[in-house]
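Peer 1: Submitted below is the structure of interest, expressed as structure tokens.
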Amino acid sequence: MLDVQRLRVFRAVVASGSVQAAADHLGYTPSAVSQQLSALQKETGLVLFEKAGRGISPTPTAKVLAAESDEVMGSLSRLGGLVEHLREGRSATLTIGTFDSAAQFWLPHVAKGLQHDYPDVVLELSLDDLASGDVRPQRRDIDLTTEPADEPGIERPGYERYVLVEESYRVVAPRGHELLRDYVGPVPMAALADLPMIDNDFSDTGCSLIIRNACRAAGFTPRFVARSDDHHTALAFVAGRIGVTVLPALAVPDGMAGIDSRELVSPAPRRRVVAFVRDSSACNPPVCRAIELLQEAVAKTVSRRAGHDARRQGRVGPLMH
């Protein structure tokens, strides 16, 4: 079995680029680092470094070893965290991979409920995009992801699948914009054809693909005047009257100054939000409770959005289109 401390020092040298830099980062002397490297080479029987000028350079073998040890070192780090939690009297950690709008609008309700029901559980959140079939292995108890609602659901080996909601997309426009005056109710996609638009996701994730397909089906290509990989920035640009943007309903805040929104139809782009629960965690009571709390949060946001739309239409009167 490889010595973990030697492996840590080796990885530090590869990442830092030199023995001296690794020694500085680790708080060791250069000679101590060199001794650890020599011991690891003897232990593995591999040539890990070769001379390069006055220093050393990792061999291709060393680069492979460093890359392949990432998951092992991550597991050791999590195990160390578990030991720390147990030492401090905290019973467990619940990990959730999520995307931005779910973290903003749903997970505070989950965190509050877990804090009440399981005060010793530590909630760890990881923000990333797991949309459209990204099935990279992750050691999370729950992964929240999205997929096009008109496509078959994605299965992930080793996970149980829970559909949380299917939701529409909405056009977000500056308050008082002519589009909002023309359409009190749902807006047809084709009405966006000649409008300046703000791209809020140019990384070809699930959301951008759903929007692009809906625009194509409506016979036009979006005319983007600004691009951002963050929907909060896109909303600020809309409020600044730069253009309009298209977002899933969950990502559109109620009552944000300077903006309003309408549901899109003809075609009606929709996405499905799914929670994947790791099989080994499925019977864990805090995990089961987290799924229940997620379902409660989803129901509240859906009800709030329906009420907001109903009140707006009631104020304005019958649909103009």
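The values are calculated or read from the model by the stated rules, or taken from the named source; none is laboratory data. The structure presented is a predicted model; accordingly, all values stated were derived computationally and were not measured. Please note: Cβ atoms are built from the backbone with ideal geometry, for glycine as well, and neighbour counts cover all protein chains shown. With ligands, DNA and RNA removed, areas are computed over all heavy atoms of the protein, side chains included. Shrake-Rupley method; radii C 1.70, N 1.55, O 1.52, S 1.80 Å.
Peer 1: Rounded to the nearest 0.05, what FRET efficiency do Ala193 and Asp150 give with R0 = 25 Å and r taken as the Cβ-Cβ distance? Could you check?
Peer 2: Efficiency, from the Cβ-Cβ distance: 0.70.
Peer 1: Ok, one more. Can you pull the one-decimal nm distance between simple spin-label points at Asp117 and Ser31, each 7 Å off the Cα toward Cβ?
Peer 2: Calculated label separation equals 6.0 nm.
Peer 1: Next question, about the same structure. Once every DSSP H run of n ≥ 4 in the chain is given -39500 (n - 2.57) and the sum is divided by its residues, what mean residue ellipticity at 222 nm do you get, rounded to the nearest 500 deg cm²/dmol?
Peer 2: Taken over the chain, the calculation gives -13500 deg cm²/dmol.
Peer 1: Report the label-to-label distance for Glu68 and Glu43 in nanometres (one decimal), using points 7 Å from each Cα along the Cα→Cβ vector.
Peer 2: Roughly 1.6 nm, to one decimal.
Peer 1: Please work out the ratio of the alpha-carbon Rg of the chain to 2.2 N^0.38 Å and round it to two decimals.
Peer 2: 1.29
Peer 1: Give me the Å³ per residue figure for the convex hull around the C-alpha atoms of the range 133-247.
Peer 2: 125 Å³
Peer 1: Once ligands and nucleic acids are excluded and a 1.4 Å probe is used, how much of Phe105 is accessible, expressed in Å² to the nearest 10?
Peer 2: Per-residue accessible area (Phe105): approximately 60 Å².
Peer 1: Okay, moving on. Multiply the residue separation of Arg311 and Leu179 by 0.36 nm, subtract the distance between their alpha-carbon atoms, and state the gained length in nm to one decimal.
Peer 2: Going from the current span to full extension adds 45.7 nm.
Peer 1: For the chain, what % of the accessible area comes from carbon and sulfur atoms, probe 1.4 Å?
Peer 2: The value for the chain is 54 percent carbon and sulfur by accessible area.
Peer 1: Report the local net charge at Thr233: Lys and Arg +1, Asp and Glu -1, summed over other residues whose C-beta lies under 13 Å from its C-beta.
Peer 2: -4
Peer 1: Using a 1.4 Å probe on the protein heavy atoms only, what accessible surface does Ile242 show? Give it in Å² to the nearest 10.
Peer 2: 80 Å²
Peer 1: Something else now. Could you tell me, in Å, what Rg and Dmax come out for the Cα atoms of the range 171-235?
Peer 2: Calculated on Cα positions, Rg and Dmax stand at 11.9, 32 Å.
Peer 1: Let me ask something else. Hey, got the dipole for the chain? About the Cα centre, +1 on K and R Cβ, -1 on D and E Cβ, debye to the nearest 20?
Peer 2: Roughly 440 debye for the chain.
Peer 1: Relative to the longest principal axis of the chain, what angle (0 to 90°, nearest 10) does the C-alpha long axis of helix 4-16 take?
Peer 2: 70 degrees
Peer 1: Kindly rank 39-47, 208-216, 51-59 from highest to lowest mean number of other beta carbons found within 10 Å of each residue.
Peer 2: 208-216, 39-47, 51-59
Peer 1: Give, in whole angstrom and from largest to smallest, the semi-axes √(5λ) of the equivalent ellipsoid of the range 225-272, with λ running over the eigenvalues of the Cα gyration tensor.
Peer 2: Computed over the range 225-272, the values are 18, 13, 11 Å.
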